[in-house]
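K.L.:
One structure coming up, written as C-alpha coordinates, with questions to follow.
The values are calculated or read from the model by the stated rules, or taken from the named source; none is laboratory data. Note that this is a predicted model, so its numbers are computed, not measured. When we count neighbours, we look across all protein chains shown, and the Cβ atoms used for this are built from the backbone with ideal geometry, even at glycine. Ligands, DNA and RNA are excluded from the accessible area calculation, which covers all protein heavy atoms including side chains. Shrake-Rupley method; radii C 1.70, N 1.55, O 1.52, S 1.80 Å.
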Amino acid sequence: MALWKLHGNGRTVAPGAVVAPDERMNWGATVAIGIQHVIAMFGATFLVPVLTGFPVSTTLFFSGVGTLLFLVVTRNKLPSYLGSSFAFIAPITAATATAGTGSALAGIVAVGLLLAAVGVIVQFAGLGWVDRLMPPVVAGAIVALIGFNLAPVAWTSFREAPLTGTITLAAVILFSVLFRGFLGRISIFLGVIVGYIAALIQNEIDFTPVADAAWIGFPAFQLADVTSPQTWSVIAMFLPVVLVLVAENVGHVRGVATMTDASVNRSTGRALIADGAATTLAGLFGGSGTTTYGENIGVMAATRVYSTAVYWVAGAAAIVLSLSPKIGAVFNTIPPGVLGGVTTALYGLIGIIGIKIWVDNRVDFSRPVNQYTGAVALVLAIAGFTMQWGDFQLGAIVLGSVAALVIYHLGNAIARLRKTGADDGGPIPAVGPLGGDPL
(Lines give C-alpha, C1' and ligand atoms only; values in the text may rest on other atoms or scores of the structure.)
Protein backbone atom coordinates (compact mmCIF):
# COMPACT_ATOMS: atom_id res chain seq x y z
CA MET A 1 0.00 0.00 0.00
CA ALA A 2 1.42 3.34 -1.07
CA LEU A 3 2.49 5.87 1.54
CA TRP A 4 1.83 9.58 1.15
CA LYS A 5 4.60 12.03 0.48
CA LEU A 6 4.16 15.70 1.31
CA HIS A 7 3.09 17.83 -1.66
CA GLY A 8 5.30 20.92 -1.88
CA ASN A 9 5.19 22.85 1.37
CA GLY A 10 2.00 21.03 2.43
CA ARG A 11 -0.02 24.25 2.52
CA THR A 12 -0.54 25.38 -1.08
CA VAL A 13 -1.08 23.85 -4.53
CA ALA A 14 0.72 25.62 -7.36
CA PRO A 15 -1.35 26.85 -10.35
CA GLY A 16 -1.87 23.99 -12.80
CA ALA A 17 -0.68 21.37 -10.30
CA VAL A 18 -2.69 18.73 -8.42
CA VAL A 19 -2.07 16.76 -5.27
CA ALA A 20 -1.71 13.17 -6.49
CA PRO A 21 -3.33 10.18 -4.76
CA ASP A 22 0.00 9.20 -3.17
CA GLU A 23 0.64 12.74 -1.90
CA ARG A 24 -0.95 14.75 0.89
CA MET A 25 -1.16 18.27 2.28
CA ASN A 26 -0.16 18.93 5.89
CA TRP A 27 -2.38 17.06 8.33
CA GLY A 28 -4.39 20.13 9.31
CA ALA A 29 -5.35 20.78 5.69
CA THR A 30 -5.90 17.06 5.08
CA VAL A 31 -8.36 16.79 7.97
CA ALA A 32 -10.19 19.96 6.87
CA ILE A 33 -10.57 18.73 3.28
CA GLY A 34 -11.65 15.31 4.55
CA ILE A 35 -14.44 16.92 6.59
CA GLN A 36 -15.42 18.91 3.50
CA HIS A 37 -15.85 15.62 1.63
CA VAL A 38 -18.19 14.39 4.38
CA ILE A 39 -20.28 17.55 4.01
CA ALA A 40 -20.35 17.12 0.23
CA MET A 41 -21.63 13.54 0.35
CA PHE A 42 -23.97 14.03 3.29
CA GLY A 43 -26.80 15.74 1.44
CA ALA A 44 -27.24 12.88 -1.02
CA THR A 45 -26.24 9.96 1.19
CA PHE A 46 -28.82 10.61 3.91
CA LEU A 47 -31.63 10.94 1.37
CA VAL A 48 -31.49 7.27 0.34
CA PRO A 49 -32.23 5.82 3.80
CA VAL A 50 -34.80 8.55 4.47
CA LEU A 51 -36.63 7.65 1.24
CA THR A 52 -36.38 3.88 1.69
CA GLY A 53 -37.04 3.71 5.43
CA PHE A 54 -33.57 2.36 6.26
CA PRO A 55 -31.84 3.67 9.41
CA VAL A 56 -29.82 6.77 8.54
CA SER A 57 -27.07 5.98 11.06
CA THR A 58 -26.63 2.45 9.70
CA THR A 59 -26.32 3.65 6.12
CA LEU A 60 -23.87 6.35 7.16
CA PHE A 61 -21.83 3.79 9.09
CA PHE A 62 -21.49 1.48 6.10
CA SER A 63 -20.69 4.36 3.75
CA GLY A 64 -17.72 5.15 6.01
CA VAL A 65 -16.67 1.52 6.36
CA GLY A 66 -17.17 1.01 2.62
CA THR A 67 -14.95 3.98 1.83
CA LEU A 68 -12.12 2.59 3.95
CA LEU A 69 -12.60 -0.86 2.37
CA PHE A 70 -12.50 0.73 -1.09
CA LEU A 71 -9.15 2.36 -0.31
CA VAL A 72 -7.71 -0.95 0.89
CA VAL A 73 -8.90 -2.96 -2.14
CA THR A 74 -7.65 -0.33 -4.60
CA ARG A 75 -4.31 -0.34 -2.79
CA ASN A 76 -4.68 3.27 -1.70
CA LYS A 77 -4.28 4.46 -5.31
CA LEU A 78 -7.82 5.62 -6.13
CA PRO A 79 -9.45 8.50 -4.18
CA SER A 80 -13.18 7.94 -3.74
CA TYR A 81 -16.01 8.25 -1.24
CA LEU A 82 -18.67 5.53 -1.32
CA GLY A 83 -22.06 7.06 -0.57
CA SER A 84 -25.60 5.68 -0.92
CA SER A 85 -26.57 4.90 -4.51
CA PHE A 86 -29.88 6.34 -5.72
CA ALA A 87 -30.19 3.44 -8.15
CA PHE A 88 -31.24 1.23 -5.22
CA ILE A 89 -34.24 3.36 -4.25
CA ALA A 90 -36.73 1.84 -6.69
CA PRO A 91 -35.99 -1.86 -6.02
CA ILE A 92 -35.67 -1.32 -2.26
CA THR A 93 -39.02 0.48 -2.15
CA ALA A 94 -40.74 -2.25 -4.15
CA ALA A 95 -39.06 -5.15 -2.33
CA THR A 96 -39.76 -3.75 1.14
CA ALA A 97 -43.43 -3.29 0.30
CA THR A 98 -43.88 -6.84 -1.02
CA ALA A 99 -41.36 -8.97 0.87
CA GLY A 100 -39.97 -6.95 3.78
CA THR A 101 -36.71 -5.22 4.62
CA GLY A 102 -34.74 -8.45 5.03
CA SER A 103 -35.48 -9.47 1.45
CA ALA A 104 -34.57 -5.99 0.21
CA LEU A 105 -31.21 -6.34 1.96
CA ALA A 106 -30.69 -9.68 0.23
CA GLY A 107 -31.24 -7.91 -3.08
CA ILE A 108 -28.51 -5.42 -2.18
CA VAL A 109 -26.19 -8.32 -1.35
CA ALA A 110 -26.92 -9.90 -4.74
CA VAL A 111 -26.03 -6.66 -6.52
CA GLY A 112 -22.79 -6.38 -4.56
CA LEU A 113 -21.73 -9.93 -5.39
CA LEU A 114 -22.54 -9.49 -9.08
CA LEU A 115 -20.70 -6.15 -9.23
CA ALA A 116 -17.63 -7.73 -7.62
CA ALA A 117 -17.79 -10.56 -10.17
CA VAL A 118 -17.95 -8.01 -13.00
CA GLY A 119 -14.92 -6.31 -11.44
CA VAL A 120 -12.93 -9.56 -11.48
CA ILE A 121 -13.73 -10.05 -15.18
CA VAL A 122 -12.86 -6.44 -16.00
CA GLN A 123 -9.59 -6.74 -14.13
CA PHE A 124 -8.51 -9.57 -16.42
CA ALA A 125 -10.50 -9.06 -19.64
CA GLY A 126 -11.10 -5.31 -19.86
CA LEU A 127 -14.36 -3.37 -20.40
CA GLY A 128 -15.01 -4.23 -24.05
CA TRP A 129 -17.48 -7.03 -23.34
CA VAL A 130 -19.62 -4.70 -21.21
CA ASP A 131 -19.83 -2.21 -24.08
CA ARG A 132 -20.89 -4.95 -26.49
CA LEU A 133 -23.58 -6.34 -24.18
CA MET A 134 -24.96 -2.93 -23.28
CA PRO A 135 -24.30 -0.39 -26.03
CA PRO A 136 -25.33 3.25 -25.46
CA VAL A 137 -28.98 2.88 -26.47
CA VAL A 138 -29.46 -0.04 -24.05
CA ALA A 139 -27.39 1.49 -21.25
CA GLY A 140 -29.21 4.82 -21.53
CA ALA A 141 -32.61 3.13 -21.50
CA ILE A 142 -31.85 1.08 -18.38
CA VAL A 143 -30.43 4.04 -16.45
CA ALA A 144 -33.36 6.26 -17.49
CA LEU A 145 -36.06 3.74 -16.58
CA ILE A 146 -34.66 3.34 -13.05
CA GLY A 147 -35.31 7.04 -12.42
CA PHE A 148 -38.64 7.37 -14.21
CA ASN A 149 -40.01 4.26 -12.50
CA LEU A 150 -39.92 6.25 -9.25
CA ALA A 151 -42.23 9.05 -10.43
CA PRO A 152 -45.32 7.70 -8.56
CA VAL A 153 -43.29 7.52 -5.33
CA ALA A 154 -42.43 11.21 -5.61
CA TRP A 155 -46.09 12.12 -6.17
CA THR A 156 -47.22 10.06 -3.16
CA SER A 157 -45.01 12.16 -0.86
CA PHE A 158 -45.59 15.47 -2.65
CA ARG A 159 -49.39 15.41 -2.39
CA GLU A 160 -49.27 15.09 1.41
CA ALA A 161 -48.02 18.69 1.65
CA PRO A 162 -48.15 20.35 -1.79
CA LEU A 163 -47.05 23.80 -0.57
CA THR A 164 -43.98 22.46 1.22
CA GLY A 165 -43.19 20.26 -1.75
CA THR A 166 -43.42 23.19 -4.16
CA ILE A 167 -41.19 25.38 -1.99
CA THR A 168 -38.61 22.60 -1.75
CA LEU A 169 -38.63 21.89 -5.48
CA ALA A 170 -38.37 25.59 -6.34
CA ALA A 171 -35.44 26.01 -3.94
CA VAL A 172 -33.56 23.05 -5.45
CA ILE A 173 -33.94 24.47 -8.96
CA LEU A 174 -33.12 28.02 -7.89
CA PHE A 175 -29.93 27.07 -6.05
CA SER A 176 -28.74 24.96 -8.99
CA VAL A 177 -28.80 27.98 -11.30
CA LEU A 178 -28.00 30.67 -8.73
CA PHE A 179 -24.74 29.27 -7.37
CA ARG A 180 -21.61 28.06 -9.08
CA GLY A 181 -19.01 25.52 -7.96
CA PHE A 182 -19.50 23.59 -4.74
CA LEU A 183 -22.72 25.34 -3.65
CA GLY A 184 -24.28 24.59 -7.01
CA ARG A 185 -23.40 20.91 -6.66
CA ILE A 186 -25.18 20.66 -3.29
CA SER A 187 -28.36 22.41 -4.48
CA ILE A 188 -30.44 19.38 -3.45
CA PHE A 189 -29.09 19.54 0.08
CA LEU A 190 -29.75 23.30 0.25
CA GLY A 191 -33.25 22.77 -1.11
CA VAL A 192 -33.97 20.27 1.65
CA ILE A 193 -32.88 22.83 4.25
CA VAL A 194 -35.24 25.46 2.78
CA GLY A 195 -38.10 22.96 2.61
CA TYR A 196 -37.41 21.84 6.17
CA ILE A 197 -37.64 25.44 7.41
CA ALA A 198 -40.91 25.87 5.50
CA ALA A 199 -42.28 22.69 7.08
CA LEU A 200 -41.14 23.87 10.50
CA ILE A 201 -43.04 27.15 10.10
CA GLN A 202 -46.16 25.16 9.16
CA ASN A 203 -45.81 22.83 12.19
CA GLU A 204 -45.32 19.74 10.03
CA ILE A 205 -42.42 18.32 12.08
CA ASP A 206 -42.51 16.19 15.23
CA PHE A 207 -39.32 16.44 17.30
CA THR A 208 -40.37 13.91 19.95
CA PRO A 209 -38.17 11.09 18.53
CA VAL A 210 -35.16 13.44 18.54
CA ALA A 211 -35.62 14.26 22.22
CA ASP A 212 -35.91 10.56 23.06
CA ALA A 213 -32.79 9.49 21.07
CA ALA A 214 -29.44 9.02 22.79
CA TRP A 215 -26.42 11.09 21.85
CA ILE A 216 -24.13 8.08 21.58
CA GLY A 217 -25.00 4.54 20.52
CA PHE A 218 -24.38 1.90 17.88
CA PRO A 219 -26.39 1.95 14.64
CA ALA A 220 -29.28 -0.49 14.29
CA PHE A 221 -28.09 -3.56 12.38
CA GLN A 222 -30.36 -6.05 10.59
CA LEU A 223 -29.40 -9.25 8.82
CA ALA A 224 -30.33 -9.86 5.21
CA ASP A 225 -33.00 -12.52 4.71
CA VAL A 226 -31.62 -15.02 2.20
CA THR A 227 -33.87 -17.95 3.18
CA SER A 228 -37.38 -16.61 2.63
CA PRO A 229 -39.08 -17.78 -0.59
CA GLN A 230 -40.18 -14.19 -1.19
CA THR A 231 -36.55 -13.07 -1.31
CA TRP A 232 -35.85 -14.90 -4.54
CA SER A 233 -38.86 -13.30 -6.18
CA VAL A 234 -37.51 -9.77 -5.56
CA ILE A 235 -33.79 -10.24 -6.17
CA ALA A 236 -34.30 -10.07 -9.94
CA MET A 237 -35.50 -6.46 -9.74
CA PHE A 238 -32.19 -5.44 -8.15
CA LEU A 239 -29.86 -6.85 -10.80
CA PRO A 240 -30.22 -4.02 -13.38
CA VAL A 241 -28.74 -1.69 -10.75
CA VAL A 242 -25.38 -3.30 -11.51
CA LEU A 243 -25.29 -1.45 -14.82
CA VAL A 244 -25.64 1.90 -13.06
CA LEU A 245 -22.89 1.06 -10.56
CA VAL A 246 -20.55 -0.07 -13.34
CA ALA A 247 -21.15 3.17 -15.24
CA GLU A 248 -20.63 5.32 -12.12
CA ASN A 249 -17.42 3.56 -11.08
CA VAL A 250 -15.93 3.56 -14.57
CA GLY A 251 -16.77 7.24 -14.98
CA HIS A 252 -15.22 8.02 -11.61
CA VAL A 253 -11.97 6.22 -12.44
CA ARG A 254 -11.70 7.93 -15.82
CA GLY A 255 -12.36 11.31 -14.25
CA VAL A 256 -9.59 10.87 -11.68
CA ALA A 257 -7.23 9.53 -14.36
CA THR A 258 -7.86 12.58 -16.53
CA MET A 259 -6.92 14.93 -13.71
CA THR A 260 -3.98 12.96 -12.29
CA ASP A 261 -2.35 10.08 -14.20
CA ALA A 262 -3.63 7.82 -16.99
CA SER A 263 -2.26 4.80 -15.12
CA VAL A 264 -5.17 5.20 -12.66
CA ASN A 265 -7.37 3.54 -15.29
CA ARG A 266 -5.68 0.25 -14.41
CA SER A 267 -7.60 0.35 -11.12
CA THR A 268 -11.01 0.06 -12.84
CA GLY A 269 -11.43 -3.62 -12.05
CA ARG A 270 -10.33 -3.14 -8.46
CA ALA A 271 -12.77 -0.22 -8.09
CA LEU A 272 -15.67 -2.44 -9.18
CA ILE A 273 -14.55 -5.23 -6.85
CA ALA A 274 -14.23 -2.77 -3.98
CA ASP A 275 -17.65 -1.21 -4.50
CA GLY A 276 -19.13 -4.69 -4.85
CA ALA A 277 -17.55 -5.77 -1.56
CA ALA A 278 -18.73 -2.60 0.20
CA THR A 279 -22.28 -3.02 -1.14
CA THR A 280 -22.34 -6.68 -0.09
CA LEU A 281 -21.16 -5.84 3.42
CA ALA A 282 -23.74 -3.07 3.77
CA GLY A 283 -26.57 -5.29 2.54
CA LEU A 284 -25.65 -8.13 4.88
CA PHE A 285 -26.09 -5.99 7.97
CA GLY A 286 -28.76 -3.39 7.21
CA GLY A 287 -27.14 -0.65 5.11
CA SER A 288 -27.92 0.58 1.62
CA GLY A 289 -25.83 -0.14 -1.48
CA THR A 290 -22.90 2.15 -2.20
CA THR A 291 -21.35 3.89 -5.18
CA THR A 292 -18.66 6.43 -5.98
CA TYR A 293 -19.92 9.99 -5.58
CA GLY A 294 -19.93 12.79 -8.13
CA GLU A 295 -20.21 15.32 -5.31
CA ASN A 296 -16.77 14.31 -4.10
CA ILE A 297 -15.34 14.44 -7.61
CA GLY A 298 -16.52 18.05 -7.60
CA VAL A 299 -14.67 18.76 -4.35
CA MET A 300 -11.48 17.23 -5.77
CA ALA A 301 -11.80 19.29 -8.94
CA ALA A 302 -12.33 22.46 -6.90
CA THR A 303 -9.48 21.85 -4.44
CA ARG A 304 -7.17 19.99 -6.87
CA VAL A 305 -6.44 17.62 -4.00
CA TYR A 306 -6.74 13.97 -5.10
CA SER A 307 -4.94 12.56 -2.07
CA THR A 308 -6.36 9.32 -0.70
CA ALA A 309 -5.38 10.57 2.76
CA VAL A 310 -8.39 12.90 2.84
CA TYR A 311 -10.69 9.94 2.16
CA TRP A 312 -9.32 8.02 5.12
CA VAL A 313 -10.28 11.08 7.16
CA ALA A 314 -13.72 11.29 5.49
CA GLY A 315 -14.48 7.60 6.02
CA ALA A 316 -13.46 7.74 9.67
CA ALA A 317 -15.51 10.92 10.21
CA ALA A 318 -18.63 9.27 8.72
CA ILE A 319 -18.25 6.33 11.09
CA VAL A 320 -17.96 8.67 14.07
CA LEU A 321 -21.10 10.58 12.99
CA SER A 322 -23.02 7.30 12.61
CA LEU A 323 -22.46 6.55 16.29
CA SER A 324 -24.97 9.25 17.32
CA PRO A 325 -28.60 8.03 17.18
CA LYS A 326 -29.74 11.61 17.74
CA ILE A 327 -28.28 12.64 14.38
CA GLY A 328 -30.21 9.85 12.69
CA ALA A 329 -33.39 10.90 14.50
CA VAL A 330 -33.01 14.47 13.21
CA PHE A 331 -32.89 13.27 9.61
CA ASN A 332 -35.88 11.02 10.18
CA THR A 333 -37.97 14.10 11.06
CA ILE A 334 -37.87 15.31 7.43
CA PRO A 335 -41.58 15.46 6.48
CA PRO A 336 -43.21 13.97 3.34
CA GLY A 337 -43.68 17.34 1.66
CA VAL A 338 -39.94 18.02 1.67
CA LEU A 339 -39.19 14.52 0.40
CA GLY A 340 -41.82 14.88 -2.31
CA GLY A 341 -40.33 18.14 -3.54
CA VAL A 342 -36.75 16.95 -3.63
CA THR A 343 -37.54 13.54 -5.16
CA THR A 344 -39.55 15.13 -7.95
CA ALA A 345 -36.28 16.69 -9.10
CA LEU A 346 -34.01 13.84 -8.05
CA TYR A 347 -35.82 10.97 -9.74
CA GLY A 348 -36.19 13.00 -12.90
CA LEU A 349 -32.47 13.74 -12.89
CA ILE A 350 -31.69 10.00 -12.70
CA GLY A 351 -33.80 9.57 -15.83
CA ILE A 352 -32.05 12.46 -17.55
CA ILE A 353 -28.67 10.82 -16.91
CA GLY A 354 -29.85 7.93 -19.07
CA ILE A 355 -30.97 10.30 -21.81
CA LYS A 356 -27.60 12.06 -21.58
CA ILE A 357 -25.95 8.72 -22.40
CA TRP A 358 -27.97 8.71 -25.64
CA VAL A 359 -27.02 12.30 -26.44
CA ASP A 360 -23.32 11.91 -25.61
CA ASN A 361 -23.06 8.81 -27.81
CA ARG A 362 -25.20 10.31 -30.62
CA VAL A 363 -27.65 7.38 -30.72
CA ASP A 364 -29.45 7.26 -34.07
CA PHE A 365 -33.17 7.20 -33.25
CA SER A 366 -34.15 7.08 -36.92
CA ARG A 367 -33.40 3.34 -36.71
CA PRO A 368 -36.40 1.21 -35.59
CA VAL A 369 -34.30 -1.05 -33.37
CA ASN A 370 -33.11 1.94 -31.35
CA GLN A 371 -36.59 3.49 -31.29
CA TYR A 372 -38.25 0.41 -29.83
CA THR A 373 -35.38 -0.38 -27.45
CA GLY A 374 -35.87 2.96 -25.70
CA ALA A 375 -39.62 3.35 -26.18
CA VAL A 376 -40.77 0.00 -24.80
CA ALA A 377 -38.32 0.01 -21.88
CA LEU A 378 -39.40 3.46 -20.69
CA VAL A 379 -43.15 2.79 -20.96
CA LEU A 380 -42.82 -0.47 -19.03
CA ALA A 381 -40.97 1.38 -16.25
CA ILE A 382 -43.12 4.51 -16.07
CA ALA A 383 -46.40 2.57 -16.11
CA GLY A 384 -45.13 0.07 -13.55
CA PHE A 385 -45.71 -3.12 -15.58
CA THR A 386 -45.43 -6.36 -13.58
CA MET A 387 -45.67 -10.07 -14.38
CA GLN A 388 -46.38 -12.68 -11.75
CA TRP A 389 -46.31 -16.46 -11.57
CA GLY A 390 -47.55 -17.61 -8.17
CA ASP A 391 -45.35 -15.94 -5.54
CA PHE A 392 -42.70 -14.98 -8.09
CA GLN A 393 -43.04 -11.47 -9.52
CA LEU A 394 -41.01 -9.46 -12.00
CA GLY A 395 -41.22 -5.70 -11.53
CA ALA A 396 -41.06 -2.89 -14.04
CA ILE A 397 -37.30 -2.33 -13.74
CA VAL A 398 -36.55 -5.96 -14.58
CA LEU A 399 -39.07 -6.11 -17.40
CA GLY A 400 -37.84 -2.84 -18.89
CA SER A 401 -34.19 -3.92 -18.70
CA VAL A 402 -34.87 -7.33 -20.23
CA ALA A 403 -36.98 -5.73 -22.96
CA ALA A 404 -34.18 -3.32 -23.85
CA LEU A 405 -31.62 -6.12 -24.12
CA VAL A 406 -33.85 -8.52 -26.06
CA ILE A 407 -35.26 -5.92 -28.48
CA TYR A 408 -31.83 -4.52 -29.25
CA HIS A 409 -29.86 -7.72 -29.77
CA LEU A 410 -32.61 -9.84 -31.35
CA GLY A 411 -33.86 -6.92 -33.44
CA ASN A 412 -30.36 -6.19 -34.70
CA ALA A 413 -29.79 -9.83 -35.60
CA ILE A 414 -33.02 -10.03 -37.62
CA ALA A 415 -32.56 -6.65 -39.31
CA ARG A 416 -28.99 -7.46 -40.35
CA LEU A 417 -29.97 -10.91 -41.57
CA ARG A 418 -32.76 -9.43 -43.67
CA LYS A 419 -30.71 -6.31 -44.61
CA THR A 420 -33.70 -4.04 -43.88
CA GLY A 421 -31.66 -1.13 -42.56
CA ALA A 422 -33.61 -1.16 -39.28
CA ASP A 423 -30.54 -2.10 -37.21
CA ASP A 424 -28.32 0.17 -35.11
CA GLY A 425 -25.97 1.78 -37.58
CA GLY A 426 -23.77 3.37 -34.93
CA PRO A 427 -23.54 6.99 -33.78
CA ILE A 428 -24.93 9.79 -35.91
CA PRO A 429 -22.04 11.52 -37.72
CA ALA A 430 -21.16 14.95 -36.42
CA VAL A 431 -22.78 17.68 -38.53
CA GLY A 432 -19.72 19.91 -38.43
CA PRO A 433 -16.99 21.27 -36.19
CA LEU A 434 -18.11 22.50 -32.81
CA GLY A 435 -18.83 26.19 -32.84
CA GLY A 436 -18.73 26.41 -36.61
CA ASP A 437 -21.10 26.24 -39.55
CA PRO A 438 -22.07 22.81 -40.93
CA LEU A 439 -19.85 21.65 -43.78
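K.L.:
Taking the range 123-141 only, how many residues are of a type in the set (Val, Ile, Thr) and at pLDDT below 90?
P.N.:
Matching residues across the range 123-141 total 2.
K.L.:
Same structure again: Would you check if there is a residue in the range 63-85 being more than 25 Å from residue 267 (Cβ to Cβ) and either polar (S, T, N, Q) or modelled with pLDDT of 90 or more (or both)?
P.N.:
Quick first cut of the range 63-85, residues more than 25 Å from residue 267 (Cβ to Cβ) only: none.
No: zero hits.
K.L.:
Now for a separate question. In the range 402-421, which residues are of a type in the set (Gly, Ala, Ser) and either open to solvent by 10 Å² or more (accessible area, probe 1.4 Å) or over 18 Å from residue 368 (Cα atoms) (or both)?
P.N.:
403, 411, 413, 421
K.L.:
Pick from 349, 378: which is aliphatic (A, V, I, L, M) and surrounded by fewer than 21 Cβ atoms within 10 Å (Cβ to Cβ)?
P.N.:
Of 349, 378, the one residue that is aliphatic (A, V, I, L, M) and surrounded by fewer than 21 Cβ atoms within 10 Å (Cβ to Cβ) is 349.
K.L.:
Then there is this: Within the range 66-97, track down each residue that is in contact (Cβ under 8 Å) with a residue 60 or more places away in the chain and more than 17 Å from the chain's Cα centre (by Cα). So that I can check it myself, show each step before the final result.
P.N.:
Just the residues of the range 66-97 that are in contact (Cβ under 8 Å) with a residue 60 or more places away in the chain, to begin with: 66-95.
Those that are in contact (Cβ under 8 Å) with a residue 60 or more places away in the chain and more than 17 Å from the chain's Cα centre (by Cα): 68, 69, 71, 72, 73, 74, 75, 76, 77, 78, 94, 95.
K.L.:
Here is a further query. Please count how many residues of the range 23-68 are surrounded by 20 or more Cβ atoms within 10 Å (Cβ to Cβ), aliphatic (A, V, I, L, M) and farther than 29 Å from residue 101 by Cβ.
P.N.:
So the answer is 3.
K.L.:
Out of (1) assigned to a helix (DSSP H, G or I); (2) open to solvent by less than 10 Å² (accessible area, probe 1.4 Å), the odd one out for residue 307 is which?
P.N.:
Of everything listed in (1) assigned to a helix (DSSP H, G or I); (2) open to solvent by less than 10 Å² (accessible area, probe 1.4 Å), residue 307 misses just condition (1).
K.L.:
Let me ask something else about it. Output the residue which, of all residues in the range 145-182 that are of a type in the set (Phe, Trp, Tyr) and free of Cβ contacts under 8 Å to residues at least 40 places away in the same chain, is farthest from residue 355 (Cα to Cα).
P.N.:
Here is the first cut: in the range 145-182, the ones of a type in the set (Phe, Trp, Tyr) are 148, 155, 158, 175, 179, 182.
Cutting the leftovers down to free of Cβ contacts under 8 Å to residues at least 40 places away in the same chain gives us 175, 179.
Values: 175: 23, 179: 25 Å.
Applying the filter and picking the extreme gives 179.
K.L.:
So how many residues does the range 314-333 have that are under 23 Å from the mean Cα position of the chain (by Cα) and surrounded by 21 or more Cβ atoms within 10 Å (Cβ to Cβ)?
P.N.:
The number of residues fulfilling the criteria is 5.
K.L.:
Checking residue 10 against (1) open to solvent by less than 20 Å² (accessible area, probe 1.4 Å); (2) in contact (Cβ under 8 Å) with a residue 24 or more places away in the chain, which single condition isn't satisfied?
P.N.:
Failing condition for residue 10: (2).
K.L.:
Output the residue which, of all residues in the range 69-85 that are assigned to a helix (DSSP H, G or I) and open to solvent by less than 40 Å² (accessible area, probe 1.4 Å), is nearest to residue 381 (Cα to Cα).
P.N.:
70
K.L.:
On the given criteria, is residue 336 open to solvent by 40 Å² or more (accessible area, probe 1.4 Å) and farther than 24 Å from residue 409 by Cα?
P.N.:
Values: open to solvent by 40 Å² or more (accessible area, probe 1.4 Å): yes; farther than 24 Å from residue 409 by Cα: yes.
In short, yes.
K.L.:
Can you name the condition, by its number, that residue 17 falls short on among (1) assigned to a helix (DSSP H, G or I); (2) under 26 Å from residue 260 (Cα atoms)?
P.N.:
All conditions are met except number (1).
K.L.:
Starting from residues that are β-branched (Val, Ile, Thr) and closer than 14 Å to residue 78 by Cα, keep the ones in the range 291-304 and report whichever is surrounded by the most Cβ atoms within 10 Å (Cβ to Cβ).
P.N.:
291
K.L.:
Can you tell me which residue within the range 152-181, out of those that are out of contact with any helix residue (DSSP H, G or I) (no Cβ under 6 Å at 6 or more places or on another chain) and among the aromatic types (Phe, Trp, Tyr), is modelled with the highest pLDDT?
P.N.:
Within the range 152-181, the match that is modelled with the highest pLDDT is 155.
K.L.:
I would also like to ask the following. Restricting to the range 59-92, and then to whatever is of a type in the set (S, T, N, Q) and in contact with a helix residue (DSSP H, G or I) (Cβ under 7 Å, 6 or more places away or on another chain), can you tell me which residue is farthest from residue 343 (Cα to Cα)?
P.N.:
74
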